[in-house]
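Remarks on the structure that follows.
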Amino acid sequence: MTLLEKIPTLRDAELKALLANARRLDVTGTPEQRRAVAEVITPLEREASRRRSAGRAGR
């Protein structure tokens, strides 16, 4: 299973930590790290946004 496939199954804390690390590496990482982050940051952002929206809808 790839990281992209695992994103929907991550616990909220895992998603939050992974997204924070991806954001950090997108700015301070090596060129190789930045290329890797480019592949996952958008799906991570989408999942975080989806969960925030779902949380508001449940209130």
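The values are calculated or read from the model by the stated rules, or taken from the named source; none is laboratory data. The structure presented is a predicted model; accordingly, all values stated were derived computationally and were not measured. Each accessible area value is taken on the protein alone, full model and side chains, heavy atoms only, with ligands, DNA and RNA left out. Shrake-Rupley method; radii C 1.70, N 1.55, O 1.52, S 1.80 Å.
In nm, what is the difference between 0.36 nm times the number of residues separating A36 and M1 and their Cα-Cα distance?
Full-extension gain reported as 11.0 nm.
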TODO: Mind checking the per residue accessible area of the chain for me, 1.4 Å probe, whole number of Å²?
DONE: 77 Å²
Open item on the list: Helix 12-28 against the longest principal axis of the chain: what's the angle in degrees, Cα atoms only, rounded to the nearest 10?
Closed with: 30 degrees
Open item on the list: With viscosity set to 0.692 mPa s at 37 °C, what whole-number translational diffusion coefficient in µm²/s follows for the chain from Stokes-Einstein and a Kirkwood radius over Cα pairs?
Closed with: 273 µm²/s
Open item on the list: Compute the helix-to-body angle for 31-57: its Cα long axis versus the longest principal axis of the chain, expressed 0 to 90° and rounded to tens.
Closed with: 10 degrees
